[in-house]
Amino acid sequence: MSVQTATLDFEIMPTSTPTPEADRLKAFENLGFGTLFTDHMAVIKWNVDKGWHSAQVTARTPFQIDPASSVLHYAQEIFEGMKAYRTADGRAVLFRPEENARRFNESAHRMAMPELPEGDFIAAVEKLVQLDARWIPEGDSSLYLRPFMFASEVFLGVRKATDFIFCVIASPVGPYFKGGMKPVTIWVSQNYTRAAVGGTGAAKCGGNYASSLAAQAEAAAQGCDQVVFLDAVEHRWVEELGGMNVFFVMDDNTLVTPPVAGTILPGITRKSLIELARDNGLTVEERPYSYDDWKADAASGKLKEAFACGTAAVVAGIGTVKHQGGEFKIGDGQTGPVTTKLRSALVDIQRCSAPDTHGWVHVLRGV
Ligand SMILES: *Cc1c(COP(=O)(O)O)cnc(C)c1O
């Protein structure tokens, strides 16, 4: 895939107060998710007259935000989620970063924000990881990368802003779900929907997450790990989780996943798993799947497994589904063999312990 070339020169300014190595090692003993951050950040500014400018990798430090910054009022904000991995042979790699760069610009377009040339997006990520390379954990852990952009114009009128800040921060992470490979329990939301046709469901914007949190809280109150959303019109078709796509494994070795047609976030993990499933001789159908079928197929045994997927949690088996008035199990309620096999196929490529036949791995130089 061709990537738009980089246009910017980055000023690299390492912090004068790096985290002492002993403190980093201590923090690495017990990695959670999204609580520990590296020493640096990449920042690029945009202005309607100047375009993209002032690209830097610098000490991670708070922004000065004016109370009238438009992001605080109208939520022009988008983000990406990706990871840097340390391979067994000591290299540092990214997974399909050009896909994140491209999706970032699709989100920017939907939210009336400026697009960043893909090469500059990737360069910002690369330069940050190169400077913070000692923060890439080994083994099953990884360095979660969070590119994001927000409107920084000081203005309360409602129109697209004239000033934006693009930034990348990095967070060493362990497993997303504390239970490890234990299957997750899912709550079917009857009260809330996530996205409607013509809305922002396919954009990775903070607002989608804000609107999912009440449903997520409902799920937690029901003892569930995650919420699954049905479509906004008929309340019938399974769409996705708050931050993960969903797959169903049928007894004839067919994989079913809802189509990404405007209301579902086009996950890169989803896209990669579709290709890996086909490599493994499975049939993949991107088609609407109803909640009624889900229940009926789980009861009849036609549905063998279900799983959720995304960069943060990778692949998580769905064991139990709860809804108002009951619950049902999928298969024996454990993570199934197809789910486990697909997860390994993906993780092995990401960690370079299997051949990268699709050209997905992006090796970082000098790390
Ligand atoms: C980020 C995200 C996903 C997963 O995308 P990946 O590229 O696989 O990480 C799925 N659904 C939503 C709503 C998301 O925001």
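Of note:
- Looking across V57, V71, V93, one residue alone is aliphatic (A, V, I, L, M), in contact with a helix residue (DSSP H, G or I) (Cβ under 7 Å, 6 or more places away or on another chain) and at pLDDT 95 or above. It is V57.
- Spans of strands (runs of 3 or more DSSP E) in region 68-150 with at least 3 residues more than 22 Å from H358 (Cβ to Cβ): 77-79
- Within region 74-90, the residues that satisfy the criterion of being at pLDDT 95 or above, charged (D, E, K, R) and open to solvent by 10 Å² or more (accessible area, probe 1.4 Å) are E77, K83, R86.
- T58 vs. criteria open to solvent by 20 Å² or more (accessible area, probe 1.4 Å) and either more than 15 Å from the ligand (Cβ to nearest atom) or not assigned by TED's automatic domain parsing to the domain that holds I169 (or both): yes
- Top-ranked residue in region 1-29 [being in a loop (DSSP other than H, G, I, E, B), free of Cβ contacts under 8 Å to residues at least 12 places away in the same chain and more than 29 Å from R96 (Cβ to Cβ); ranked as least open to solvent (accessible area, probe 1.4 Å)]: P20
- Pairs are defined by a Cβ separation below 6 Å, a sequence spacing of at least 6 or placement on different chains, a first member in region 342-367 that is open to solvent by less than 30 Å² (accessible area, probe 1.4 Å), and a second member that is of a type in the set (K, R) and not in a helix (DSSP H, G or I); the pairs so defined are W360/R96.
- Residue in region 162-172 that is crowded, with 17+ Cβ neighbours inside 10 Å, at pLDDT 95 or above and among the small types (G, A, S) present: yes
- Test result for T185, farther than 26 Å from R110 by Cα and either assigned by TED's automatic domain parsing to the domain that holds Q76 or open to solvent by less than 40 Å² (accessible area, probe 1.4 Å) (or both): yes
- Criterion: charged (D, E, K, R) and farther than 27 Å from L241 by Cα - qualifying residue of D140, D132: D132
- Residue match in region 269-280 (condition: charged (D, E, K, R) and more than 30 Å from A108 (Cβ to Cβ)): yes
- Contact map, region 35-53: first residue of a type in the set (K, R), second residue loosely packed, with under 12 Cβ neighbours inside 10 Å, Cβ cut-off under 6 Å, separation 6 or more or different chains; pairs are K45/H53.
- Pair list, Cβ < 8 Å and 6+ apart or interchain, from region 118-141 residues that are in contact (Cβ under 8 Å) with a residue 60 or more places away in the chain to residues that are surrounded by fewer than 17 Cβ atoms within 10 Å (Cβ to Cβ) and of a type in the set (S, T, Y): G119/T5; G119/T7; D120/T7
- For beta carbons closer than 7 Å, sequence separation of 6+ or different chains, a first residue in region 184-195 that is farther than 14 Å from V233 by Cβ and a second that is among the aromatic types (F, W, Y) and open to solvent by 10 Å² or more (accessible area, probe 1.4 Å), the qualifying pairs are V184/F177; V188/Y291.
- Scan of region 248-273 for residues that are within 16 Å of the ligand (Cβ to nearest atom) and at pLDDT below 95, ordered by number: A261, G262
- Taking region 78-117 as the range and being among the acidic types (D, E) and more than 24 Å from V314 (Cα to Cα) as the test, only E115 passes.
The values are calculated or read from the model by the stated rules, or taken from the named source; none is laboratory data. Please read these numbers as outputs of a predicted model, since none were measured by experiment. We place every Cβ from the backbone using ideal geometry, glycine too, and count neighbours over all the protein chains shown. Side chains included, ligands, DNA and RNA excluded: accessible areas come from the protein's heavy atoms. Shrake-Rupley method; radii C 1.70, N 1.55, O 1.52, S 1.80 Å.
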